[in-house]
Amino acid sequence: MPEEYAWLSLVFRVIPWLIVAAGIWLLWAAHNFTTRAHRVRGRVIELNEERIRPRRPSGKTIVLHRPVFQYIGPDGQRYEAGIFSPATGLKLEMGEEYDILLDPDLPEIARLAGSAPYAPGLMLVAAGFFAVLIAQYLTG
């Protein structure tokens, strides 16, 4: 590789490790949240859907679900929180109760229980290691 492109080799070697580090941080944050979280029952009071249409006519429309739950926090106060739910297979019904996890220090921050909190971190770590292998192959 010519000397003027030596910086490119460095970029190819550093960026994948930054992706791995971001994935590890997400795994740590998910573990920290799930070990501290309180499990409470929350009632669906609103169902929000956002449809994202692809630019190409042949692409599929993506539906993002963000139900709003009402629940009682550990301090006895009533809270409402919109919880992102990427699981399209989960059919939430208005008025139904579901288990949610919430941070005891910030009860307004809640997640739907059983929503795979480690998945984003695992995907980033896997993608980062894959990128490391590709960078090793490309840069020698």
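Accessible surface for region 1-67, divided over its residues, is 80 Å² per residue with a 1.4 Å probe.
Of the whole protein surface, Phe84 contributes about 110 Å² of accessible area at a 1.4 Å probe radius.
Expressed as a whole percent, the accessible area of region 94-140 that falls on carbon and sulfur atoms is 68 (1.4 Å probe). For Ile109, the amide hydrogen comes within under 5 Å of the amide hydrogens of Asp103, counting only partners 5 or more places away or on other chains and with H modelled in the peptide plane.
Given a 1.4 Å probe and the protein chains as shown, Val132 ends up with an accessible area of around 20 Å².
Solvent-accessible surface (1.4 Å probe) assigned to Lys91 amounts to roughly 140 Å². With a simple spin-label model that places each label point 7 Å from the Cα along the Cα-to-Cβ direction, the separation between Asp99 and Thr61 comes to 3.4 nm. Relative to the dominant Cα principal axis of the chain, helix 6-36 is inclined by about 20°.
Relative to the dominant Cα principal axis of the chain, helix 119-139 is inclined by about 0°. In order along region 52-63, the phi-based Karplus estimate (6.51 cos²θ - 1.76 cosθ + 1.60, θ = phi - 60°) of 3J(HN,Hα) comes to 10, 8, x, 6, 8, x, 7, x, 8, 6, 9, 10 Hz; Gly and Pro are listed as x. If you take log10 I(q)/I(0) by the Debye sum over Cα atoms at q = 0.11, 0.19 Å⁻¹ from the coordinates, which of (1) -0.66, -1.08; (2) -0.49, -1.15; (3) -0.60, -1.07 do you get? So the structure-derived entry is (3).
Extension gain for Val11-Glu50 works out to 10.4 nm (0.36 nm per residue, less the C-alpha to C-alpha distance).
Calculated FRET efficiency, Tyr137 and Ile109, Cβ-Cβ r, R0 30 Å, to nearest 0.05? Intermediate values should be presented prior to the final figure.
Numbers: r = 41 Å, r/R0 = 1.38.
The calculated FRET efficiency here is 0.15.
The values are calculated or read from the model by the stated rules, or taken from the named source; none is laboratory data. These numbers were taken from a predicted model, which means no experiment stands behind them. In this analysis, Cβ positions are derived from the backbone assuming ideal geometry, glycine residues included, and neighbour counts consider all displayed protein chains. The area values use the complete protein model at the heavy-atom level, side chains included, leaving out ligands, DNA and RNA. Shrake-Rupley method; radii C 1.70, N 1.55, O 1.52, S 1.80 Å.
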